[in-house]
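Every number here is computed from the coordinates shown, using simple stated rules; none is lab data. Computed from a prediction, not measured in an experiment: that's the story for all the values here. Please note: Cβ atoms are built from the backbone with ideal geometry, for glycine as well, and neighbour counts cover all protein chains shown.
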Amino acid sequence: MYKKNESVIFMSKKINRVPYQLSDTTKMKPLEISEIEVILRGADECIYMAGRAMLTKILKGSSDKKLLEKGLSSCPSYGYYKQLTIAKITKLVDWTIVNGYLCIEYNGKLPVIIFSSKGWTMYKPIYARELIDKIMQNNEENEELLINRLKNTNREVIIEIVEQIIISKNEEIVPFLLKWQKDEVNKVRVLIEQMILAIK
């Protein structure tokens, strides 16, 4: 423990952060809910890993080498705005930031995309629906991959999946739920059991 009269010098390397400037969106009309959902889905591929430029490329359907190497062309939002220019798409992305659906934070020196609480609340049921569709389309060949994906999915999204499946009352999903249940942690196994009982 240091005494009050002792001075401590901390040596730290200055981080030169890359600056960014958002587009002027004051004269833009509000985006449709469906457009916001598409942008949020694309943003999920970038959260705390990439910034506005990568999100814009996903939405454009770019053949950028880095984007393709990361498998981002499989994102449902890939190419949604292929008819628009990069500048126009960037402005749409910036609108979602200005209006509180996405935020910018720094990861080291680079500005990266993150969800705001408002954006995350809106996005959870969107991603849950996507995963439920994959469960319904599931076949034995990709079953293990899908279960691994679910195991690595945010717990809040899992709760959304549970709620949506219970509402659906679709008994066809039960065999997959039983397989998924075997590989999960106890808390998720309990949620899956609740789903199965509610469906039956």
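A few remarks follow.
- Stretching the chain fully between L110 and M49 yields a gain of 21.0 nm (0.36 nm per residue, less the alpha carbon separation).
- Our estimate of slack between I15 and Q194, defined as 0.36 nm per intervening residue step minus the Cα-Cα distance, is 59.5 nm.
- Summary value for the range 44-200: 18 percent relative contact order, contacts being C-alpha pairs under 8 angstrom separated by 6+ residues.
- For a straight C-alpha distance cut-off of 20 angstrom, the aspartates and glutamates reachable from K82 (same-chain residues fewer than eight places away being disregarded) are E32, E35, E37, D44, E45, D64, E69, D94.
- When the chain is treated as a GNM with alpha-carbon contacts under 10 Å, the residue of I15, I159, I126 showing the greatest mean-square fluctuation is I15.
- Shape call, the range 33-115: gyration tensor on alpha carbons, a/c limit 1.5: oblate
- Under 10 Å, Cβ to Cβ, from I147 - net charge with Lys/Arg +1 and Asp/Glu -1: 0
- For the range 123-199, a crude dipole built from +1 on the beta carbon of Lys and Arg and -1 on the beta carbon of Asp and Glu, taken about the Cα centre, is about 300 debye to the nearest 20.
- Length-normalised contact order for the range 123-199 - Cα pairs under 8 Å, 6+ apart - percent: 36
- Charge dipole (the range 52-200, unit charges on Cβ, about Cα centre) - positive-most of V157, P175, G71: G71
- Spatially proximal aspartates and glutamates relative to K169 (Cα-Cα < 18 Å; intrachain offsets below 8 disregarded): E130, D133, E160, E193
- Stretch in the chain that is longest and holds no GluC sites (Glu not before Pro) that DSSP places in a loop and that have at most 13 other beta carbons within 10 Å: 33-139
- Taking chymotrypsin sites (Phe, Trp or Tyr not before Pro) as exposed when their DSSP state is a loop state and no more than 16 other Cβ atoms lie within 10 Å, the longest site-free interval of the chain runs over 49-200.
- For K60, neighbours were defined as the other residues whose beta-carbon sits under 10 Å from its Cβ, and their charges (Lys and Arg +1, Asp and Glu -1) total +2.
- Separation of the alpha carbons by more than 22 angstrom is noted, of K60/K109; K179/K200; K91/K134, for K60/K109; K91/K134.
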